[in-house]
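Presented below is the structure to which this report refers.
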Amino acid sequence: MSMQRIRNYGSFLQAYGLRRMLESLGCEVRFVDYHPGPCLVEPERPSRLPRPAAKLAEVLEGPGPLAAKLAYANYKRRYDERTWPLLGLPAEPDCRTDDLDMLVIGSDEVFNCVQANANVGFSPDLFGAGSEADRTITYAASCGNTTVAKLREHGVAGEVAGWLRSLDAVSVRDENTASVVRELAGTDPARNLDPVLAWDFFGEEDVPASPVEGRYMIAYAYSGRLTSEECAALRSYADESGLRVVNVGGVQGCCDGFLDLGPLEVLAAFRGAECVLTDTFHGTILSVIAERPFATIVRRRGYGNAEKLADLLARLGLESRAASSPTDFPRLLDAAPDWTPVRARIGEGRAAARAYLTEQISLCTGDGLR
């Protein structure tokens, strides 16, 4: 049970990576859908349009060249047909759990229940409530920017505490989520890497050559998230470095082209890039596994990303890659970090991930595997 139907590369890759990890341990895997719940917070600008149409309208009205916006619309239109077959998803959601030896909830922001996304909302399913599987666990679950204070503010801390205590095992991917589990459930959860780090995509998957010609850099963020100041600094850096700025995942004000790619092609595009600017969790991870110079913008205002990004960078020993202002871009994008200690940390995390899942499988089946 994951975020497998959320339409972005990070959600797909973490779901795909977790499936491949379980299959590599001898499991037969299928995805389980959850029932979205009511939103605990309302959108800042409620729209009468369905969420996908509202998001597309927001992009079309935002910054960036028209050609890039049309390419973005085509990317969204083709997303399901490109990705769902790779996950084995049926056309209609399937929430059955009564035939499962074990339900694994995660990874991604499955515990991020204080948000305005109607595709998720406050869903008890994502905490294991109502699971009929023989065993129900989480793997690298995240609260995103949901905190204990927010859960209490919205009057759901007690319910969440009960659901967390009922899980057979809890694995989280960041310290904010670990603190929520410790405070509400009174247990110290396992800490595991996000599947996009834990699964060796470049070693185990058939990643093609880069689909982008020439020298280029990637700007990877939700559409319109890069500010005018950030775009100006990025434009200046790219021009001085002789690089095209290609956008992935969203359209920005600084854009020489939008990449309409499948998920494995995106991996190839990252590997072929000269450098990457991002403000997303999985954009940071893709930069790391592709071993490209990168700068990560950590946002602490509004719907921020500090809880997960600061934790990720610290865990990998890459705190220095955080950009506190656009003036940091040239310094970070010009030079790669020392990847040797990063590889070692990822290797340790991958071993821990396999050990955790192997133990949970053995507890489920009694003898390791059926």
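The values are calculated or read from the model by the stated rules, or taken from the named source; none is laboratory data. Bear in mind the structure is a predicted one, so any value in this text is a computation, not a measurement. Note: ideal-geometry Cβ built from the backbone for every residue, glycine included; neighbour counts use all protein chains shown. Side chains are part of the model used for accessible areas, which takes the heavy atoms of the whole protein and leaves out ligands, DNA and RNA. Shrake-Rupley method; radii C 1.70, N 1.55, O 1.52, S 1.80 Å.
Structural remarks
- Label zone (ARG215, point 7 Å along Cα-to-C-beta; backbone nitrogen cut-off 16 Å) within region 255-276: 272-276.
- No disulfide-compatible partner, judged by a Cβ distance under 4.7 Å, exists for the following cysteines of the chain: CYS27, CYS39, CYS95, CYS113, CYS143, CYS255, CYS275, CYS364.
- Residue-by-residue Karplus 3J(HN,Hα) for region 200-213, coefficients 6.51, -1.76, 1.60, Hz, glycine and proline x: 7, 4, 6, x, 10, 10, 8, 7, x, 5, 4, x, 10, 8
- Given their separation in residues at 0.36 nm each and the Cα-Cα distance between them, ASP256 and SER179 gain 23.5 nm when the chain is fully extended.
- Once the chain from LEU86 to ALA149 is taken as fully extended at 0.36 nm per residue, the excess over their C-alpha distance is 18.9 nm.
- Of ALA232, GLY158, ASN192, farthest towards positive along the dipole that unit charges on Lys, Arg, Asp, Glu beta carbons give region 144-248: GLY158
- Mean ellipticity per residue at 222 nm, deg cm²/dmol - from DSSP H runs of n ≥ 4 across the chain, formula -39500 (n - 2.57): -13000 deg cm²/dmol
- The accessible surface of region 140-264, taken with every protein chain in place and a 1.4 Å probe, is 45 percent carbon and sulfur.
- Residues of the chain: accessible area per residue with a 1.4 Å probe, Å²: 43
- Its Cα centre serving as origin, the chain has a Cβ charge dipole (Lys and Arg +1, Asp and Glu -1) of approximately 660 debye.
- Cα centroid separation, region 1-22 to region 273-345: 21 Å.
- Residue among TYR216, ALA269, GLY62 farthest towards the positive dipole end of the chain, charges placed on Cβ: GLY62
- Kyte-Doolittle mean at least -0.5, axial Cα span of 27 Å or more - DSSP H helices of the chain: 339-365
- Lysines with Cα under 25 Å of LYS69, excluding same-chain neighbours fewer than 8 positions away: LYS55
- Remark: spin-label model distance GLU229-ARG345 equals 2.8 nm, labels positioned 7 Å along the Cα→Cβ axis.
- Charge dipole (Cα centre; +1 on Lys/Arg Cβ, -1 on Asp/Glu Cβ; no other charges) of region 105-201 amounts to roughly 240 debye.
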